[in-house]
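The values are calculated or read from the model by the stated rules, or taken from the named source; none is laboratory data. Everything quoted here is computed from the prediction, not taken from an experiment. Heads up, the Cβs are rebuilt from the backbone with ideal geometry, glycines too, and the neighbour counts pull from every protein chain shown. Protein only, heavy atoms only, side chains kept; ligands, DNA and RNA dropped before computing areas. Shrake-Rupley method; radii C 1.70, N 1.55, O 1.52, S 1.80 Å.
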Amino acid sequence: MKLLVTGASGVLGREVLLAARSVGMPVRAMSRRPPAGHTEGEEWVQGDLVTGQGIGEAVRGCDTIVHAASDPRQPDRVDVQGTRRLADEAGRAGVRHLVCVSIVGVDQVPYPYYKRKLAAEQIVSQANVPFSILRATQFHSFLEQLIASAARVPLVLPVPAGFVVQPVEVSEVAERLVRCIADGPRGRLTDFGGPDVLSFTEAARHWKKARNVAKRIVPIPVPGSMARAIRAGKGTAPLGDKGTISWPEWLMQTRDK
Ligand SMILES: NC(=O)c1ccc[n+]([C@@H]2O[C@H](COP(=O)([O-])OP(=O)(O)OC[C@H]3O[C@@H](n4cnc5c(N)ncnc54)[C@H](OP(=O)(O)O)[C@@H]3O)[C@@H](O)[C@H]2O)c1
């Protein structure tokens, strides 16, 4: 059984490659640039979901695809049209299971990128290939990026007031995806999130402590329907499946990296 991983050079894709290889699954990686640490012995196909270049070659001979490619800067071209292109090629090649990675709350949080992720889910669910869709919450590294970029503001650390998050360890999402390959196509899976739902302010407090940042946290009210949805927890899945590595634990583990 050969697995194709799209988005193999990305944060999640790299972890899916590791998780699949750790259980002895033959893997082919696809992205426009080779994944970091790629070696001659590992199978990699250069493929571009926007132009279609390399997609047919990437899909050929694979039973399963974990589709982790995405580009929030051009989601129409990559997440929507690119997913359609991939699903069409997968159907033609007789792929038996297309696993699509999505985000918790894509149908609840009115955010343009999420709208495209929802469209990608619909394309996968209507394609001529058996499928699974796994929605995950924000990866720890992504939450850290958000907080660290807010911390570039002089003097204070502004955070969106009332936002709630449920950060998850990306390697646990990858392991969940690899397990779902063994389970076979199951349609929409139970959402997957981190072990705890916490406020953005609390997350920033843990971050400050772990990263030795002394700035004062200042909650900033954010208007609009998207912010309202995030405050209402629509981007979290407290009743879903959960990883085990908490935000404070991850911050400690990555302290010197
Ligand atoms: N980040 C989060 O917190 C989070 C949370 C939940 C779900 N997700 C979902 O998880 C998936 C992976 O996210 P990520 O954070 O790992 O993304 P990422 O690090 O930005 O990686 C995106 C991947 O997509 C590839 N890609 C982009 N444009 C492409 C194109 N035109 N053709 C082919 N490949 C292309 C990139 O490779 P090249 O640039 O080398 O082509 C890269 O490997 C996405 O579907 C995302 O929506 C993310």
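One table, with the values for the structure above:
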{"item": "Some residue of segment 219-232 being within 17 Å of Val104 (Cα to Cα) and in contact with a strand residue (DSSP E or B) (Cβ under 6 Å, 6 or more places away or on another chain)", "result": "no"}
{"item": "Count - residues of segment 30-79 that are more than 11 Å from the ligand (Cβ to nearest atom), among the acidic types (Asp, Glu) and closer than 20 Å to Glu121 by Cβ", "result": "1"}
{"item": "Residues of segment 137-154 that turn out to be touching a residue at least 60 places away in the same chain (Cβ under 8 Å) and touching a strand residue (DSSP E or B) at 6+ places or on another chain (Cβ under 8 Å), as a count", "result": "7"}
{"item": "Qualifying residue in segment 203-226 (condition: over 30 Å from Ala119 (Cβ atoms) and hydroxyl-bearing (Ser, Thr, Tyr))", "result": "no"}
{"item": "Residue list for segment 206-241, filter: among the hydroxyl-bearing types (Ser, Thr, Tyr) and either open to solvent by less than 50 Å² (accessible area, probe 1.4 Å) or within 21 Å of the chain's Cα centre (by Cα) (or both)", "result": "Thr236"}
{"item": "Residue check, Ala161 open to solvent by 20 Å² or more (accessible area, probe 1.4 Å), free of Cβ contacts under 8 Å to residues at least 12 places away in the same chain and among the small types (Gly, Ala, Ser)", "result": "no"}
{"item": "Verdict on Ala8 being surrounded by 14 or more Cβ atoms within 10 Å (Cβ to Cβ) and part of a helix (DSSP H, G or I)", "result": "no"}
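Okay, residues lined up against (1) more than 14 Å from Gly7 (Cα to Cα); (2) touching a residue at least 24 places away in the same chain (Cβ under 8 Å); (3) not hydrophobic (A, V, I, L, M, F, W, C):
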site: Gly37; (1), (2), (3): yes, no, yes
site: Glu40; (1), (2), (3): yes, no, yes
site: Thr51; (1), (2), (3): yes, no, yes
site: Val66; (1), (2), (3): no, yes, no
site: Ala87; (1), (2), (3): yes, yes, no
site: Ala90; (1), (2), (3): yes, yes, no
site: Gly94; (1), (2), (3): yes, no, yes
